[in-house]
Amino acid sequence: MPATVLKPLIVDYTATGLKVAGYLLKQQNADGMIPDEPGSQIVNQDSNMEYALIGLAAAYRQSRDVRYLNGLERGIVWLAEREEMTDPDWCGSWRYTYSTTPPYSPVPVSPGPGIADVRGVDSTSALFVYLLYLDKTLTGADTLSSLYGPNARASLDFILAHNQGADGFFDSSRQKWESDGQWHLWAFRYSADQADDYLGVRAGWILYGDGRYSQSAKLLKFRAPVKFFSTRLHRYALGMDEDGTLDPNLDGFDGVFPQGHLPWVFGANIGNSSSYQWLMRCARVERSYVFKATLNMA
C-alpha cells in the first residue's frame with residue numbers, strides 16, 4: 001500500500017503574520033535593538049534578532065506598511081554598529097550575545113560545559129548581508145547596501161576565511177574554552193546554518209559581484225540538500241560532525257528547525273518534500289510542534 005502523502009494545510013496567515021510583526025516592532029527600541037524575548041537582558045543570541053528582522057521584511061513586502069521597513073532598517077544599523085571592524089583577527093564577525101542596555105556590550109554566554117563564550121558564528125555574519133539584500137530588494141535603492149558595503153564584504157570574507165572548510169561547508173563558530181581561556185574552532189556544521197550561509201553569500205554575489213561568493217553559493221545550493229539529508233530517516237540531520245558523520249538528533253528546536261528552513265531556502269526537491277512531510281507529522285492539531293526525539297518517525 002503506498003504511503004499516505006500529507007499535504008500542507010492551505011491557510012492565509014497574513015493577518016497572523018502582521019500581528020507578529022507588530023509585536024516585534026513594539027519590542028524594538030529607538031536604537032533598533034530587538035531583545036530576544038520581552039524583558040530579556042540579551043539580544044541576538046545565535047542570530048535571533050536577525051531572524052526577527054527577516055520577519056519585518058516579509059511584513060513590509062506583504063503590507064507595504066512603512067513601519068516594518070523602518071524597523072528593518074533601524075535593526076540593520078544596530079547590527080552594523082555591533083560588528084567587529086577593527087581587530088584584524090575578528091574583522092567581519094559578531095559576538096554571540098549582546099546586552100540589551102546601551103552601550104550594548106557583549107555578554108559571555110556558555111552553550112555547554114567547559115565553554116565560557118562563543119563568537120564568530122557563521123550564520124550571524126551571513127544573515128547580515130542577506131538583510132542588506134532584502135532592504136535593497138524592497139526599496140529599490142542601494143542606500144544601506146552601499147553604506148555598509150565594507151561591513152558586508154568583511155562579514156562574508158570572515159566566514160570564507162575562518163568558517164568554511166575544504167569541502168565548502170561552514171563550521172559553526174569559535175568557542176572559548178574554560179580550560180585554557182583560548183578560542184577554538186567549533187567544527188560542527190549545522191544544517192540550518194548552511195542555508196543561512198547560502199542566503200548570505202548569494203546576497204553578497206548579487207550586491208557586490210564577487211565571484212567567490214557566487215562559487216560558494218552554487219556549492220551550497222547543490223550539495224547541502226544532499227549531504228545534510230539522511231536517506232535513512234527521510235529528513236535533515238541536525239548537522240554534520242567534522243568527520244562527515246551526520247548527527248540525527250531531534251531534541252529541541254535546533255533539531256526540528258532544519259526540516260522547514262532548508263526547504264524554504266533551497267526550494268522544491270524530493271528530499272525537501274520528504275523533510276517537510278516529516279515536519280507536518282510533528283504538528284499538533286493547533287499547528288504547534290513537538291520538539292522531542294520520541295517523534296523519531298522515518
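The values are calculated or read from the model by the stated rules, or taken from the named source; none is laboratory data. Predicted model only: the values in this text are computed from it and were never measured. Methodologically, a virtual Cβ is constructed for each residue, glycine included, from the backbone with ideal geometry; neighbour enumeration extends over all protein chains shown.
Say we look at the stretch 241-298 and pick out the residues that are among the β-branched types (Val, Ile, Thr) and either within 22 Å of TYR13 (Cα to Cα) or in a helix (DSSP H, G or I) (or both); which of these is modelled with the lowest pLDDT?
Only one residue tops the list, namely THR294.
Name the one entry in ALA59, ALA52 that is over 23 Å from VAL121 (Cβ atoms) and under 19 Å from the mean Cα position of the chain (by Cα).
Result: ALA59 is the single residue among ALA59, ALA52 that is over 23 Å from VAL121 (Cβ atoms) and under 19 Å from the mean Cα position of the chain (by Cα).
Check ARG235, ARG202 and return the single one that is buried (at least 18 other Cβ atoms within 10 Å of the Cβ) and not assigned by TED's automatic domain parsing to the domain that holds SER125.
Among ARG235, ARG202, only ARG235 is buried (at least 18 other Cβ atoms within 10 Å of the Cβ) and not assigned by TED's automatic domain parsing to the domain that holds SER125.
The conditions are (1) modelled with pLDDT of 95 or more; (2) more than 17 Å from THR124 (Cα to Cα); (3) in a helix (DSSP H, G or I); (4) small (Gly, Ala, Ser), and GLY17 fails exactly one of them. Which is it?
(1)
Out of everything in the stretch 31-80 that is free of Cβ contacts under 8 Å to residues at least 12 places away in the same chain and out of contact with any helix residue (DSSP H, G or I) (no Cβ under 8 Å at 6 or more places or on another chain), what residue ends up being nearest to SER172 (Cα to Cα)?
GLU37
When the stretch 105-135 is examined, which residues are found to be among the β-branched types (Val, Ile, Thr) and within 19 Å of MET33 (Cβ to Cβ)?
VAL107, VAL109, VAL121, THR124
Take PRO111 and decide whether it is in contact (Cβ under 8 Å) with a residue 60 or more places away in the chain and out of contact with any Phe, Trp or Tyr (no Cβ under 6 Å at 6 or more places or on another chain).
Yes; evaluated as a whole, the condition is true for this residue.
Can you confirm whether TYR213 is of a type in the set (Phe, Trp, Tyr), surrounded by 15 or more Cβ atoms within 10 Å (Cβ to Cβ), out of contact with any Asp or Glu (no Cβ under 8 Å at 6 or more places or on another chain) and within 19 Å of THR124 (Cβ to Cβ)?
When the stated conditions are applied, TYR213 passes them.
Being among the acidic types (Asp, Glu) and part of a helix (DSSP H, G or I) is the filter; apply it to the stretch 180-197 and report the residue that is nearest to PHE257 (Cα to Cα).
Here the answer is ASP193.
Among residues belonging to the stretch 81-100 that are without any contact (Cβ under 8 Å) to a residue 40 or more places away in the chain and within 19 Å of SER173 (Cβ to Cβ), point out the one that is surrounded by the most Cβ atoms within 10 Å (Cβ to Cβ).
It comes out as ARG95.
Kindly indicate whether ALA152 is out of contact with any helix residue (DSSP H, G or I) (no Cβ under 8 Å at 6 or more places or on another chain) and aliphatic (A, V, I, L, M).
Taking the combined requirement at face value, the residue does not satisfy it.
Mind checking whether some residue in the stretch 13-24 is in contact (Cβ under 8 Å) with a residue 12 or more places away in the chain and either closer than 19 Å to ALA152 by Cβ or touching a strand residue (DSSP E or B) at 6+ places or on another chain (Cβ under 8 Å) (or both)?
no
Please go through (1) under 22 Å from THR245 (Cα atoms); (2) surrounded by 19 or more Cβ atoms within 10 Å (Cβ to Cβ) for LEU134 and return the number of the only condition it doesn't satisfy.
(1)
Return the pair list, or none, for Cβ contacts closer than 7 Å from residues in the stretch 264-275 that are under 12 Å from PHE222 (Cα atoms) to residues that are of a type in the set (S, T, N, Q), at least 6 apart or on different chains.
PHE266/ASN272
Any chance the stretch 165-172 includes a residue that's surrounded by fewer than 20 Cβ atoms within 10 Å (Cβ to Cβ), out of contact with any Asp or Glu (no Cβ under 8 Å at 6 or more places or on another chain) and either assigned to a helix (DSSP H, G or I) or not aliphatic (A, V, I, L, M) (or both)?
Yes; the residues of the stretch 165-172 include at least one that is surrounded by fewer than 20 Cβ atoms within 10 Å (Cβ to Cβ), out of contact with any Asp or Glu (no Cβ under 8 Å at 6 or more places or on another chain) and either assigned to a helix (DSSP H, G or I) or not aliphatic (A, V, I, L, M) (or both).
With respect to PRO111, is the statement that it is assigned to a loop (DSSP other than H, G, I, E, B), at pLDDT below 95 and in contact with a strand residue (DSSP E or B) (Cβ under 9 Å, 6 or more places away or on another chain) true?
Against the criterion (assigned to a loop (DSSP other than H, G, I, E, B), at pLDDT below 95 and in contact with a strand residue (DSSP E or B) (Cβ under 9 Å, 6 or more places away or on another chain)), PRO111 qualifies.
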